[in-house]
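The structure appears right after this line, and notes come after that.
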Amino acid sequence: MIRADAPAKLEGRIRFGTDRTRPGMLWAALVPAPVAHGRIRQLDLDPARRAPGVVAAIGAAEERALLPGRGAEATPIFPGEIRYRNQPIAAIAARSLEEARAAARAVRAEIEPLPLLADLDSVLPGWPEEGLPADAPINAHVRARHGDVEGEFARADRVRRDAFRTSGVAQVPLEPHACIAWIEGEVWHVLTSTQSPFGVREDAGELLGLPPERLVVEGSWVGGGFGGKVAALVEPYALLLAAASGAPVRLALTYREEFQLTRSTLPARVWIASAVRGGHLTARTVRLLLDTGGSLPGRDFATGYAIAFLLGPYRLDAFEVEGYAVRTHKPPFGSHRAPLAPQCTFAADGHTDALARDLGVDPVAFRRAHVWTAGDRTALGQEVGPFGAAAALDRARALQEEWRRSMPAGTGLGVGLGYWSTGTGAGGEVRLSLTPERLTIHEGEREIGSGSVVRGLVAMAERTLGLPADRIVLEYGDTATAPYDAGVFGSRTLGALGQAVGAAAHELTAELGRRLGAAGPARLGVEGDELWAAADGRRSPIAQLLTPGERDHGGLLRTGRHYGRSGAIDPARVHAGEFYAYHDFTASVHLAAVQVDRETGQVTVLRYAAIQDAGRVIDPPTFRAQVEGGVAMGLGTALTEEMLWGPDGRLENPGLLDYRVPTLLEIPPIEVIPLEGFPGAGPEGAKGVGEPPIIPVPAAVANAVADATGVRLYELPLTPERVARALMAR
Amino acid sequence: MGFELVAPRSPEEAFRLLEEGAGAASVLAGGTDLLFDLDRVTTAPRRVVSLRHLPWRGHAWQGDTLVVGSTEPLYELERDGSVAARLPGLHTAIRAVGSRALRHRATLGGNLARAAPASDLLPILLALDATVEIAGPAGTRRMELDRFLLASRTTALRPPELIRSVTVPAAPSVYLWQRVRPANDISQVGVAIAHPGPAVYRIAVGGIVPRPRRLPGAEAGLLSDPPPGPERVRAAEEAAREAPFPSDRRATEEHRRRVVRALVERGLVHLAGGAA
């Protein structure tokens, strides 16, 4: 058995957040704002209160009454000013879901419409050619530079400038957000489908004004997260309804709401210019406008992180980047597997690919000549650690030559190069307990589907303790009982929690060694039903090594923690906003083979290879699944996925009918090629691979289309219509 | 809220149940389209009449004509090799509908009665000159599909009438479509061409307004067998000119026009024995 959760999932026995119930539970529905920007003059909940089955109907006034202790500076859960269409302005709890929904439709609101900021084009049509208006709705401004940028461009013998546009994409977990909330005395509880129980405690606690000891969050099994479940979303509403009704309240988003309220990657506009002298890339300038929707000022996390990807992983003598996070009336920007990195890499790597072709140089060789290797400095001045990009590019070039020989004429081949970092800075802890029968890993994360918890953490315990997987169990706690962990995101689970397992295992084997009277740590093993420990030729069943207290109360306990440290950027290069240092350097080099229908514009991906800088592969099947999943998801970003908002701020495709994720029929055979030997921040030098495999996909596909047709696309996704139009315009 | 689900065993019972629920009854014949409306509450019937127990399932050849019961799931036609061999265009169109799981549920009668403008089945059935057998309390009547389809989502059915069967004469035929995502998506356009006899070509297009229809102007220029290149190009251009294309969130008018032109020419090449 590769994964302990597989049988229950295959047989449909796993209970996800949407499957959970609680005795006496009420059902909740949200009341959506009918405009994208407006001020609520009056909210009439009485028609809903009079509707059959309704137990509680709450809006901003009820929220204030339910949270008397909350500080005045807190952001209200139910807004006075609506910031995006369908933003919940009230919520209903009723005895059935149908009654809750019917009552939600009965709520009457008097709303004064306010001017709408629809998109980047209408809000900032002139930037960067024109200056920024004084009243521009800006959430964040980032700017960094180094070296003689103007001089390098003046001395260049070749300059290329490109402009790109990218689209908003949704995470599309099969399970929508779902939770059940209830109140026990002073303590508010919520059971929720989340990537981060402790993150929900923090977010919801802040919104509700509850200290950590008064809010307990328990994770359920998660039917997919992809970044969409890292922060609180449905929990505050359910908790307020539970407080208002005095009963447990279940709130699950409908699939439509999952699209409408999702906080995900929003559209961006990118401008890149590169200077080349004597065949060498010397300088690059970048401008970025990022739609951050209804994000609140000061909450931007994406702009400074994303903009660095536009420089590419290349040695540069000089650079300048400047970007703005722009406020519009869409839902707030949120995480989506490597937020914005696939889009930025599409732009940066497409630009680099085109630049090489301008110079008459093989695009892979051009990247190879400029790409970082250990000891180089990033544009922001951080020293680069072990980085597999050069080796992966060599591999890709050989593979490309092989494919070129074997595939039919007209096939386009494209390479994409992306990079990422294992997010081990967000810390985590685990507690191991050893009994005569088994090892238990106590930790706070539920499996979100990737296997990083049920397989990754168990694999680490297997490797560090020498026990077989069937003697290792995971025990999940809630935020009151489990050791702290930041969450299953940022490609960090194995990197951070895996190291914590390793640290706790180290303590455990050292203690067992001492108890055996040996000089060094013990090894564990199994004989019959019994676990034993051995060191220095001494050997004993675990039962005999435990104290009576340990035998009666949960075994021998050891805690492990991991808080990773990043390198440092050079603060002198940062002129505005926040930029971030990396914990390690993870390269992903992909090769795509496509066929392009020149009349209809249809792009068919025939074959795909993903070379993944892995540091060290801890569990090959899980590694492979992560890379395949990343490629599949990236193909959606590349070819079909696009959130479409109307001029009134309405999402026009809130469902799987017109928001097109790839099906198995569009996903080609994927060759997954691990590259080891360039160690990263995880255990045994492993690098996180949750996010990296999605990053180079749009770039690889677009570069392949350019190879097949001679025409480059500057806008994602590469729908047939966009491709056909570009081919016609040639 | 909520509705009564009934599954009559005879047509007479079905007519009675529909008449009783006049104005507030919906017909369920697979449900792959109706369920969207129920979910979004764009339709809120008090009664849903399922046709699953009516004795209208099945399909059979009568000479060179395929007769399909209206409640026959599309998958039954998909897996019948004789349909693929004798009505290749219809077979391709059926395989273009949704996913395989959906085709186990979706029925031919349901697809026709819902008359969706982007239906993949309507263009090929128009090109093949299909006829519809309509059953009602007063007996049955037959109608050419072209007359049956009045407008987008509007047919000649007069409640409580139901489609009983669809008759499709065998002919060399081809169906080509274009989508953003090849599998399980809604076609931006669909081009169907039937070639029932020497120098006879019937061309129908879907994804146009108000509903799929034949393009007599394009057909009229096809005088040779097989039509030589310039004749094919003229027919393709005429089709792209003749059909009234909409612009919507799935495609612009310009893209639909461009694709129809390409697909008509490819379809004619295919019927002449070349690769489509």
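Points worth noting:
- Meets criteria (more than 14 Å from chain A (Cβ to nearest Cβ), surrounded by fewer than 21 Cβ atoms within 10 Å (Cβ to Cβ), of a type outside the set (F, W, Y) and more than 13 Å from the chain's Cα centre (by Cα)) for B:A156: yes
- Whichever residue in segment A:702-723 is in contact with a Gly (Cβ under 9 Å, 6 or more places away or on another chain) and within 14 Å of another protein chain (Cβ to nearest Cβ) and, among such residues, is most open to solvent (accessible area, probe 1.4 Å): A:R722
- Considering only residues in segment A:6-36 that are without any contact (Cβ under 8 Å) to a residue 24 or more places away in the chain and touching a helix residue (DSSP H, G or I) at 6+ places or on another chain (Cβ under 9 Å), the one that is surrounded by the most Cβ atoms within 10 Å (Cβ to Cβ) turns out to be A:A6.
- Considering segment A:547-605, the qualifying strands (runs of 3 or more DSSP E), each wholly inside and each with 1 or more residues that are of a type outside the set (D, E, K, R), within 14 Å of chain B (Cβ to nearest Cβ) and buried (at least 16 other Cβ atoms within 10 Å of the Cβ), run over A:586-596.
- Only one of A:E507, A:E462, A:E475 that is charged (D, E, K, R), open to solvent by 10 Å² or more (accessible area, probe 1.4 Å) and under 29 Å from A:P211 (Cβ atoms): A:E475
- Some residue of segment A:144-155 being of a type in the set (D, E), at negative phi and buried (at least 16 other Cβ atoms within 10 Å of the Cβ): yes
- Residue within segment A:682-690 that is crowded, with 24+ Cβ neighbours inside 10 Å, within 14 Å of chain B (Cβ to nearest Cβ) and either of a type in the set (A, V, I, L, M, F, W, C) or in contact with a Lys or Arg (Cβ under 6 Å, 6 or more places away or on another chain) (or both) present: no
- Note on segment A:46-116: enclosed strands (runs of 3 or more DSSP E) holding 1 or more residues that are within 14 Å of another protein chain (Cβ to nearest Cβ) are A:54-58, A:88-94.
- Among residues of segment A:357-371, those that are buried (at least 22 other Cβ atoms within 10 Å of the Cβ) and either outside any helix (DSSP H, G or I) or in contact with a Phe, Trp or Tyr (Cβ under 8 Å, 6 or more places away or on another chain) (or both), counted: 2
- Taken over segment A:198-230, the criterion of being open to solvent by less than 40 Å² (accessible area, probe 1.4 Å) and in a loop (DSSP other than H, G, I, E, B) is satisfied by A:G209, A:L210, A:S220, A:V222, A:G223, A:G224, A:G225, A:G227, A:G228, A:K229, A:V230.
- Flag for B:V97 being over 30 Å from A:A724 (Cα atoms) and of a type outside the set (G, A, S): no
- Within segment B:8-37, tally of residues that are open to solvent by 40 Å² or more (accessible area, probe 1.4 Å) and away from chain A (no Cβ under 14 Å): 9
- For segment A:411-434, the tally of residues that are more than 30 Å from the chain's Cα centre (by Cα) and buried (at least 24 other Cβ atoms within 10 Å of the Cβ) stands at 1.
- Single condition A:G513 does not satisfy, out of (1) open to solvent by 10 Å² or more (accessible area, probe 1.4 Å); (2) touching a Pro at 6+ places or on another chain (Cβ under 9 Å); (3) not hydrophobic (A, V, I, L, M, F, W, C): (1)
- The one condition in (1) surrounded by 24 or more Cβ atoms within 10 Å (Cβ to Cβ); (2) in contact with a Lys or Arg (Cβ under 6 Å, 6 or more places away or on another chain); (3) farther than 30 Å from A:R367 by Cα that A:E235 fails to fulfil: (2)
- Condition met for A:A134 (part of a helix (DSSP H, G or I), hydrophobic (A, V, I, L, M, F, W, C), free of Cβ contacts under 8 Å to residues at least 12 places away in the same chain and more than 14 Å from every other protein chain (Cβ to nearest Cβ)): no
- Condition check for A:D570 on (1) touching a Leu at 6+ places or on another chain (Cβ under 7 Å); (2) farther than 24 Å from A:Y305 by Cβ: one failure, at (2).
- Any pair with Cβ under 8 angstrom, 6 or more apart, that starts in segment A:710-722 at a residue that is farther than 16 Å from A:T600 by Cβ and ends at one that is assigned to a loop (DSSP other than H, G, I, E, B): A:G710/A:R730; A:E715/A:S167; A:L716/A:S167; A:L716/A:E642
- Residue within segment A:394-410 that is out of contact with any His (no Cβ under 8 Å at 6 or more places or on another chain), closer than 23 Å to A:G688 by Cα, open to solvent by 10 Å² or more (accessible area, probe 1.4 Å) and touching a residue at least 12 places away in the same chain (Cβ under 8 Å) present: yes
- Hey, A:R624 within 14 Å of chain B (Cβ to nearest Cβ) and modelled with pLDDT of 95 or more or not: no
- Filter result for A:A726 (open to solvent by 10 Å² or more (accessible area, probe 1.4 Å), within 14 Å of chain B (Cβ to nearest Cβ) and not in a loop (DSSP other than H, G, I, E, B)): yes
- Sub-6 Å Cβ pairs linking a first residue in segment A:420-438 that is polar (S, T, N, Q) to a second residue that is outside any loop (DSSP other than H, G, I, E, B), at least 6 apart or interchain, are A:T422/A:G495; A:T424/A:G495; A:T424/A:A496; A:S433/A:T440; A:S433/A:L557, ordered by first then second residue.
- Restricting attention to segment A:665-681, the residues that are in contact (Cβ under 8 Å) with a residue 24 or more places away in the chain, within 14 Å of chain B (Cβ to nearest Cβ) and open to solvent by 20 Å² or more (accessible area, probe 1.4 Å) total 2.
- Scanning segment A:308-325 for any residue that is assigned to a loop (DSSP other than H, G, I, E, B), within 20 Å of A:T637 (Cα to Cα) and open to solvent by 10 Å² or more (accessible area, probe 1.4 Å) turns up nothing.
- Tally, over segment A:379-433, of residues that are of a type in the set (K, R) and at pLDDT below 95: 0
- Where a residue in segment A:351-363 is in contact (Cβ under 8 Å) with a residue 12 or more places away in the chain and its partner, wherever it lies, is acidic (D, E) and open to solvent by 10 Å² or more (accessible area, probe 1.4 Å), with Cβ under 6 Å and at least six apart: A:H351/A:D162
- Taken as a whole, the condition of being open to solvent by 60 Å² or more (accessible area, probe 1.4 Å), modelled with pLDDT of 95 or more and basic (K, R) applies to A:R39.
- Pair list, Cβ under 6 Å, 6 or more apart: segment B:63-75 residue among the hydrophobic types (A, V, I, L, M, F, W, C), other residue assigned to a strand (DSSP E or B): B:L66/B:V168; B:V67/B:A60; B:V67/B:S165; B:V67/B:T167; B:V68/B:H59; B:V68/B:V166
The values are calculated or read from the model by the stated rules, or taken from the named source; none is laboratory data. Since we're looking at a predicted model, the values are computed, not measured. Every residue, glycine among them, receives a Cβ derived from its backbone with ideal geometry; neighbour counts consider all protein chains shown. Protein only, heavy atoms only, side chains kept; ligands, DNA and RNA dropped before computing areas. Shrake-Rupley method; radii C 1.70, N 1.55, O 1.52, S 1.80 Å.
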